[in-house]
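Notes follow once the structure below has been shown.
Every number here is computed from the coordinates shown, using simple stated rules; none is lab data. This one's a predicted model, so the numbers in the text were calculated from it and none came from an experiment. For neighbour counting, all protein chains shown are included, and Cβ atoms are generated from backbone atoms with ideal geometry for every residue, glycine included.
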2 protein chains.
Amino acid sequence: MEIKIMKNILDANDKLAAENREFFSKKKIMAVNIMASPGSGKTSVILKVIENIGKETGISVIEGDIASSIDADKIDTLGIPVVQINTGGGCHLDANMIKAAVEDMPVRESSILFIENVGNLVCPSSFDLGESLKLVIASVPEGHDKPYKYTSMFEGADVIILNKVDLMPYIDFDRDSFYKGIRALNEKAPVFEISCRTGDGVKEFTDWLRSKAEKS
Amino acid sequence: MEIKIMKNILDANDKLAAENREFFSKKKIMAVNIMASPGSGKTSVILKVIENIGKETGISVIEGDIASSIDADKIDTLGIPVVQINTGGGCHLDANMIKAAVEDMPVRESSILFIENVGNLVCPSSFDLGESLKLVIASVPEGHDKPYKYTSMFEGADVIILNKVDLMPYIDFDRDSFYKGIRALNEKAPVFEISCRTGDGVKEFTDWLRSKAEKS
């Protein structure tokens with residue numbers, strides 16, 4: 001009974017996600033679903049990319065959080081269109097929320113839309129939003145064992161960032177084990193090592209993202 | 001429909017949680033439900049407490065993870081009774097899992113049982129396990145804004161640890177904002193600042209925990 005209803009919810013979500021995907025494709029919008037643990041640097045990555053890529057690319061942002069508008073306020077300060085979704089307890093965004101948010105904001109054609117999911121390495125991986133790309137961010141202080149424990153998140157990623165590499169000297173982080181864990185699940189996703197604090201690696205990731213957007 | 005079924009699930013969980021609570025109380029077991037983001041140091045805290053308190057106190061551990069037995073293996077190496085629960089995608093432990101695990105392992109009378117929940121600052125806060133204490137761990141690299149975003153987790157905590165304080169010099173962590181966020185939700189829970197890496201603050205937390213266990 002419970003399983004059947006869960007399946008219905010997922011079916012309904014997939015239908016709306018397909019509509020979102022068609023909308024994004026028609027408007028040549030590259031929608032990036034950003035998923036990570038709390039505090040791994042989702043908003044910092046968005047801010048850094050905006051800084052590097054410039055506003056003229058036409059970036060817009062959807063911020064997902066259980067409560068607060070802390071992240072949306074940071075984006076808004078830069079004059080970037082942003083909508084905050086508060087799930088009020090919900091542990092992930094879903095396609096319906098994205099549909100409503102996109103109707104509510106000016107998303108330019110041929111632009112990038114960042115969708116910052118709720119900070120959670122589990123539930124967001126089950127809900128298709130209609131995104132073009134799934135970006136999973138891990139961070140050095142979380143430790144190298146995350147791919148072994150949160151398998152579906154790393155399995156489904158189109159691109160992976162390892163953030164906070166500036167903290168590497170202060171943490172026992174086994175880089176080989178981290179990559180081995182990822183490659184056991186996901187052979188293809190490129191991994192970018194960056195530090196939003198020092199700016200290291202941000203340009204490489206931004207260049208990759210821009211080239212993806214141009215092809216989309 | 002969906003809401004009603006969710007309510008039924010929670011009611012069923014609460015019933016089993018009450019049974020667990022009675023069992024723990026009868027056996028004078030202090031069950032500590034440890035909740036935190038992935039990589040904030042749940043297992044490290046357990047290992048440090050074991051190191052400080054000594055095995056003779058009769059500690060046992062339940063490890064919750066979506067996949068892998070990495071954490072249980074670390075506990076097992078110390079000769080501490082441990083059961084690994086793999087939720088296989090589930091984003092939290094529930095009372096039924098704890099009931100089954102406790103039946104499966106030797107938990108001594110007048111002892112401490114650590115229950116390490118799935119790494120997730122959202123879902124575990126909705127499921128009573130029958131625990132005696134809810135311990136929420138935040139860590140410095142996650143940032144000071146977590147209490148503002150993951151409100152129910154901090155609201156329900158009986159005790160809070162701020163881990164990885166050794167990283168404070170390398171991170172923009174606003175301690176005042178962190179405490180202000182907690183106290184807006186939770187007036188009573190003591191907060192212990194510790195570093196599992198350097199050992200700072202571990203003794204103070206362990207002493208507090210031991211005095212709680214003696215009273216329970």
Unpartnered cysteines of chain B (Cβ-Cβ under 4.7 Å counts as a partner)?
B:CYS196
Just counting partner chain Cβ atoms within 10 Å, what average do the residues of peptide A:83-89 show around their Cβ?
1
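Quick one: of A:LYS203/B:LYS164; A:LYS27/A:LYS203; B:LYS146/B:LYS180; A:LYS203/B:LYS149, which pairs are farther than 18 Å apart, Cα to Cα?
From the list (A:LYS203/B:LYS164; A:LYS27/A:LYS203; B:LYS146/B:LYS180; A:LYS203/B:LYS149), the Cα-Cα distance tops 18 Å for A:LYS203/B:LYS164; A:LYS27/A:LYS203; A:LYS203/B:LYS149.
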Relative contact order of the range B:2-215 (C-alpha contacts under 8 Å, at least 6 apart) in percent is 25
Take every residue in peptide B:28-40, count the Cβ atoms of other chains within 10 Å of its Cβ, and give the average of those counts.
4
Cross-link candidates for B:LYS134: which aspartates and glutamates have Cα within less than 16 Å, leaving aside residues fewer than 8 places away along the same chain?
B:ASP14, B:GLU63, B:ASP94, B:GLU116, B:GLU155, B:ASP158, B:GLU187
Can you tell me which aspartates and glutamates have their Cα less than 13 Å from the Cα of A:LYS215? Leave out same-chain residues fewer than eight positions away.
A:ASP207
Thinking of the range A:1-133 as a set of Cα atoms, what percent of all their pairs are more than 18 Å apart?
51
Starting with the highest mean, order A:71-77, B:158-164 by the number of other Cβ atoms within 10 Å, averaged over the residues of each peptide.
B:158-164, A:71-77
By the DSSP-based rule, helices of chain A that are at least 15 Å long along the axis (C-alpha) and have a mean Kyte score of at least 0.5 are A:42-53
Radius of gyration and maximum dimension Dmax of the protein assembly as shown, Cα, Å
21.6, 66
Between the range A:88-153 and the range A:41-64, what is the separation of their alpha carbon centroids in Å?
14
Take peptide B:134-143, look around each residue's Cβ out to 10 angstrom, count Cβ atoms belonging to other protein chains, and average those counts.
4
Peptides ranked, highest mean first, by Cβ atoms within 10 Å: ranges A:112-119, B:98-105:
A:112-119, B:98-105
Going by amide H atoms built from the backbone, whose H comes under 5 Å of the H on B:ASN163, apart from near neighbours?
B:ALA138, B:SER139, B:VAL140, B:ILE194
